[in-house]
1. Give region 353-382 a look and list any residue that's of a type outside the set (A, V, I, L, M, F, W, C) and closer than 23 Å to D334 by Cα, or say none.
2. Has region 29-37 got any residue that is farther than 19 Å from T10 by Cα, surrounded by fewer than 15 Cβ atoms within 10 Å (Cβ to Cβ) and at pLDDT below 80?
3. Cβ contacts < 6 Å: first residue over 24 Å from S352 (Cβ atoms), restricted to region 312-336; second residue hydrophobic (A, V, I, L, M, F, W, C), any location; separation 6+ or different chain. Result?
4. Six or more apart or on different chains, Cβ under 7 Å: which pairs go from a residue in region 76-90 that's more than 15 Å from L11 (Cβ to Cβ) to one that's among the β-branched types (V, I, T)? Could you list them?
5. Considering (1) at positive phi; (2) touching an Asp or Glu at 6+ places or on another chain (Cβ under 6 Å), say which one G97 fails and leave the rest.
6. Please work out which residue is surrounded by the fewest Cβ atoms within 10 Å (Cβ to Cβ), limiting yourself to region 400-453 and to residues that are in contact with a Lys or Arg (Cβ under 9 Å, 6 or more places away or on another chain) and of a type in the set (S, T, Y).
7. Which condition number does A102 fail, the rest of (1) at pLDDT 85 or above; (2) assigned to a helix (DSSP H, G or I) being met?
8. Name the one entry in Y325, Y278, Y330 that is more than 21 Å from I394 (Cβ to Cβ), hydroxyl-bearing (S, T, Y), over 28 Å from the mean Cα position of the chain (by Cα) and modelled with pLDDT under 90.
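The values are calculated or read from the model by the stated rules, or taken from the named source; none is laboratory data. Everything numeric in this text was worked out from a predicted model, so none of it was measured. We place every Cβ from the backbone using ideal geometry, glycine too, and count neighbours over all the protein chains shown.
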Amino acid sequence: MNRRKNRPLTLKLREKMVRAILDQRMDEVEIARKFGTTRTTVRKWVNRFIAEGLNGLTDRSFLTNPPRVLKRWHLIRPYLDKRQQVFWAAAEAGVIGASGPALMQRVTGISSSTISKRISDLQKTKIELAGTLAQNELCRNAGRKLSEIKDPMLQPALEKILSDETAGDPMTSRRWARRSLRHLSTELKEQGHQACTHTVARLLRQMGYSLHFNKKARFAAPSPDRDAQFRYIATLKTQFLEQLLPIISIDTKKKELIGNYKRDGKSWSKEAIEVDSYFAGQRQCVAVPFGIYDVGRNLGYVTVGISHNTAEFAVNCLVNWWEHYGKSAYDQSDRMLILADGGGGNGYNLRSWKKDLQDKICDAFGLTVTISHYPPGCSKWNPVEYRLFSHISINWAGKPLRDLNTMLAYIRGTRTVAGLKVEARLDQEIYRKGRHVSKRQMKELCLSSHDICPTWNYTISPRCRA
């Protein structure tokens, strides 16, 4: 047995070592070598065992004066089998706290990991036992009688009221009541049944009702091409990155109220920031942040509009990005990949989006643009969402956007450890909704759909100039 010199020995090993000496099976030198300790240590444990028996093998070096738990261990140990000793040590360790398992290991010689596992078992047992006792014993003998016991017709009356006030899913057991506890309590009182709101709540829980927030659980059936589209987007990204071609991810962030209004989140301050109540007529404007994330360079660009989220607005943001940033960063590139979600001003079925890309990007700058849209319900996988917008939301959480300059400052101040930097600008142009693009105009576009998911993947090339 190869052990590190002077390594602490467990109680079981100390007992084994001492009995080997006393039975004259091995001498002190062999024992010391086998257990990785010294002859002095071996002699010390032998002398303690001769003087005190098994109690003498307990390690008391961790404290000058043995603590009370050590005395309790000496008293109770003879009456416990091995399993009971482990649970007793776990109970004592749980009372001591975080250092309990290590301390009880030194007292009893039982492994601290074993003690920690048994502490978890005891806690589970405590919770289950407490619930059982509360139902079977305490509630049976203590306090006043329950309202439904004093008034056996109380629960049937509540069920009758709820029969017309219950909504739910007929295919499952989920149910919810339209009325509040106070209204139900009042109606029961009018029928001659005394039940406070707490009693009504308890009865509702017994009947299978519960208090819940709304939960997003109903989704449209996923598209059968979902996985194929994700694989195709990954292939396109790899191809463009290998050729050092620009890849940008675009989307419009949630509209933001500009004014001294409450915002979700918390921020550090000596006092709470006072905000105004929201009235639609008093707002300064509604800001529309359009984000562009450069995947290859880890840079963000946000244009804040004050009008509608239209295709013209989205394409103008792209034009501004290319003129001020993209052209200089990718001066040798004649192709570009755009990753977008499937709705908003850059939707895959929006004619004005494709026409403006043709006129203002492809023809104007001689760029061949490939657009890939994420499947419906998958916009959270768009890089601009989790690489740019999420960090902006964290940066201005809990801080009112009192004016547009404040909003732009928060966007520009967004930084990450990974090196993200963000530029921001204001677009005060007013964009009109409902632009019509005819079928004849669509036929004039130099647009080619891809073989894989052609609705979501297409390329627009520059038209030849006469």
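1. Once the filter is applied, which keeps residues that are of a type outside the set (A, V, I, L, M, F, W, C) and closer than 23 Å to D334 by Cα, region 353-382 yields K354, K355, D356, Q358, D359, K360, D363, G366, T368, T370, S372, H373.
2. No, region 29-37 contains no residue that is farther than 19 Å from T10 by Cα, surrounded by fewer than 15 Cβ atoms within 10 Å (Cβ to Cβ) and at pLDDT below 80.
3. So the pair list comes out as S333/L245.
4. Here the result reads A90/I115; A90/I119, each pair linking region 76-90 to a residue that is among the β-branched types (V, I, T).
5. Single failed check for G97: (2).
6. By that ranking, first place goes to S438.
7. (1)
8. Y278
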